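Pasting a structure here, questions to come.
The values are calculated or read from the model by the stated rules, or taken from the named source; none is laboratory data. These numbers come from a predicted model, not from an experiment. All Cβ positions, glycine included, derive from the backbone under ideal geometry; neighbour counts span all protein chains shown.
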Amino acid sequence: MEKETLSLENICNGGVPEVFERELGEVLKNIADVNTDPEETRKITLEFIFEPTKDRSGAIVRFRCKSKAAPVEEVAGQMFLQRKGTGFVGVPYDPKQARMFNPASPEEEKEKGIN
């Protein structure tokens with residue numbers, strides 16, 4: 001019977017393919033994300049560290065898998081300050097302008113004296 005030799009499938013107790021598949025899934029998800037740059041490269045690095053035993057009869061093998069995904073693209077928006085009591089809150093629309101497409105909430109109607 002032929003002895004099994006070390007391979008990517010059996011090194012580190014067979015965990016390499018599982019870890020690689022997980023990282024690959026993250027990279028693929030990042031590629032599909034419309035909020036990332038489609039031209040940015042993604043990267044998966046498999047790193048094996050071999051620490052030989054003192055008698056050189058073998059080694060301890062450590063494995064690391066790292067992926068580098070594209071960052072989410074920057075999105076800009078505007079916010080406005082509105083006085084509330086003695087403080088301020090941020091709102092996504094200019095409180096000094098009427099909202100054409102989004103009707104005012106009951107709380108906003110009360111504040112403006114609409115009812």
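If I go through the range 30-39 residue by residue, how many of them are part of a loop (DSSP other than H, G, I, E, B) and free of Cβ contacts under 8 Å to residues at least 12 places away in the same chain? Reasoning before the result, please.
Filtering the range 30-39 down to residues part of a loop (DSSP other than H, G, I, E, B) leaves 33-35, 37-39.
Those still in the list that are free of Cβ contacts under 8 Å to residues at least 12 places away in the same chain too: 34, 38-39.
The total comes to 3.
Let me ask you something else. Identify the single condition in (1) closer than 30 Å to Asp94 by Cα; (2) out of contact with any strand residue (DSSP E or B) (no Cβ under 9 Å at 6 or more places or on another chain); (3) not hydrophobic (A, V, I, L, M, F, W, C) that Asn35 does not satisfy, given that it satisfies every other one.
Looking at each condition in turn, Asn35 falls short on (2).
Output the number of the condition that Gln82 fails; it satisfies all remaining conditions of (1) farther than 22 Å from Leu8 by Cβ; (2) within 25 Å of the chain's Cα centre (by Cα); (3) free of Cβ contacts under 8 Å to residues at least 24 places away in the same chain.
With respect to (1) farther than 22 Å from Leu8 by Cβ; (2) within 25 Å of the chain's Cα centre (by Cα); (3) free of Cβ contacts under 8 Å to residues at least 24 places away in the same chain, Gln82 is out only on (2).
For every residue, the table says whether it meets (1) in contact with a helix residue (DSSP H, G or I) (Cβ under 7 Å, 6 or more places away or on another chain); (2) under 30 Å from Glu74 (Cα atoms); (3) modelled with pLDDT of 95 or more.
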{"residue": "Glu4", "(1), (2), (3)": "no, no, no"}
{"residue": "Gly14", "(1), (2), (3)": "no, no, no"}
{"residue": "Pro38", "(1), (2), (3)": "no, yes, no"}
{"residue": "Arg42", "(1), (2), (3)": "yes, yes, yes"}
{"residue": "Ile49", "(1), (2), (3)": "no, no, yes"}
{"residue": "Lys54", "(1), (2), (3)": "no, no, yes"}
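Considering each of Phe50, Phe88 in turn, give the residue that is farther than 30 Å from Glu111 by Cα and among the aromatic types (Phe, Trp, Tyr).
Of the residues listed, the single one that is farther than 30 Å from Glu111 by Cα and among the aromatic types (Phe, Trp, Tyr) is Phe50.
Sticking with this one: Taking into account only those residues within the range 7-29 that are among the charged types (D, E, K, R) and in a helix (DSSP H, G or I), which is nearest to Lys66 (Cα to Cα)? Lay out the reasoning, then the answer.
First pass over the range 7-29, keeping only residues among the charged types (D, E, K, R): 9, 18, 21-23, 26, 29.
Still in the running and in a helix (DSSP H, G or I): 18, 21-23, 26, 29.
Values: Glu18: 13, Glu21: 12, Arg22: 10, Glu23: 7, Glu26: 11, Lys29: 15 Å.
For the range 7-29, the residue satisfying everything is Glu23.
In the range 65-95, which residue that is assigned to a loop (DSSP other than H, G, I, E, B) and of a type in the set (Ser, Thr, Tyr) is modelled with the lowest pLDDT?
So in the range 65-95, the residues assigned to a loop (DSSP other than H, G, I, E, B) come out as 69-71, 73-79, 85-86, 92-95.
Then drop every residue that is not of a type in the set (Ser, Thr, Tyr), which leaves 86, 93.
Values: Thr86: 90, Tyr93: 80.
Among residues in the range 65-95 that are assigned to a loop (DSSP other than H, G, I, E, B) and of a type in the set (Ser, Thr, Tyr), the one modelled with the lowest pLDDT is Tyr93.
For the range 28-79, which residues satisfy the criterion of being more than 31 Å from the chain's Cα centre (by Cα) and of a type in the set (Gly, Ala, Ser)?
Ser57, Gly58, Ala59
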